[in-house]
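Following: one structure in structure tokens, then a few remarks.
The values are calculated or read from the model by the stated rules, or taken from the named source; none is laboratory data. Just so we're clear, the structure is a prediction, and the values are computed from it rather than from any experiment. Reconstructed Cβ throughout: ideal geometry from the backbone, glycine too, with neighbour counts over all protein chains shown. Areas reflect the complete protein model, heavy atoms only, side chains present, ligands, DNA and RNA absent. Shrake-Rupley method; radii C 1.70, N 1.55, O 1.52, S 1.80 Å.
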Amino acid sequence: MSVPSQSVEDVLATFAIDRGSPIPLWFQVAQHLEQSIAAGALPQGALLDNEIVMAERLGISRPTMRRAMEQLVDQGLIVRRRGIGTRVVQPKVRRPLELTSLHDDLSSSGRAPATQVLRLETVGADAEIAGRLRVAEGDPVVLVERLRSAGELPIARMTNWLPADLVTFDEEALASTGLYELLRRAGVHLHSATQTVGARTATAAEARQLGESRGAALLTMERETLDEKGTTVEFASHLYAASRYSFEINLVTP
């Protein structure tokens, strides 16, 4: 059930930051605003105050407030435009973000997934992966690489990096079960993700793995996934055979 729309000042006034919580302050703020948008307290088109004003009202730093706003921008809930300000763009009624794995998608569509585990090993995080997972360079992370097929046709080569302390499964489990299901079994509560989709042509090695010709079209996907505490729990870099896989995106008029 939605609630009556409110001013940004009223929405912030009802929010108390828990400074003793392990959940980062920026994520607490982002969650409160996200819930207010979903409930309709901040409706479509609502104009938000600038970061300085909102940070002062909440008693937090401007960088903390900026990080919270960036999270809402990444989720497509607000837009920021010079000369116009920051406005809510998401409709009141919306489908919640669902994080599914390719294993889940194939299973739900009646196509039996098959997985070949190519790598499952602990490595030191290089600069890029450390930045993606928000850990220190050199910290242990688990590198997972798999080839996912439906029937006898390969569909995707999936590479994932995860903080080492989250990985409690072995190759056998990974070959038979989707990664997200294994994380859920380990007590990880997936909350949101930022995903980038692109395209490029296949190298000779990639073409061989995916059963395509050299230079065939590939879809690319990168995803950073957060848990309910705002901790990054996964960075994924996947390649899909464009002849056998496509992304479907539902669009609505704001």
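Worth pointing out:
- A 1.4 Å probe, protein heavy atoms only, puts the accessible area of Val53 near 50 Å².
- Annotation: amide H of Phe15 has no partner in the under-5 Å range at sequence separation 5 or more or interchain, hydrogens built in the peptide plane.
- Among the helices of the chain, those built from whole DSSP H runs whose Cα atoms reach 15 Å or more along their own axis and whose mean Kyte-Doolittle hydropathy is at least 0.0 are 25-39.
- Accessible-area composition of the chain, carbon plus sulfur, in percent [1.4 Å probe]: 49 percent
- Across all directions, the average flat footprint of the convex hull enclosing the Cα atoms of the chain is 15.9 nm².
- Spin-label model, Ala127/Gln75: points 7 Å from Cα along the beta carbon direction are separated by 3.2 nm.
- The residues of the chain have, on average, 53 Å² of accessible surface per residue, using a 1.4 Å probe with all protein chains present.
- Computed from label points 7 Å out along Cα-Cβ, the spacing between Ala186 and Glu56 is 4.5 nm.
- Segment Thr201-Ala173, length gained on full extension (0.36 nm per residue, minus Cα span): 6.9 nm
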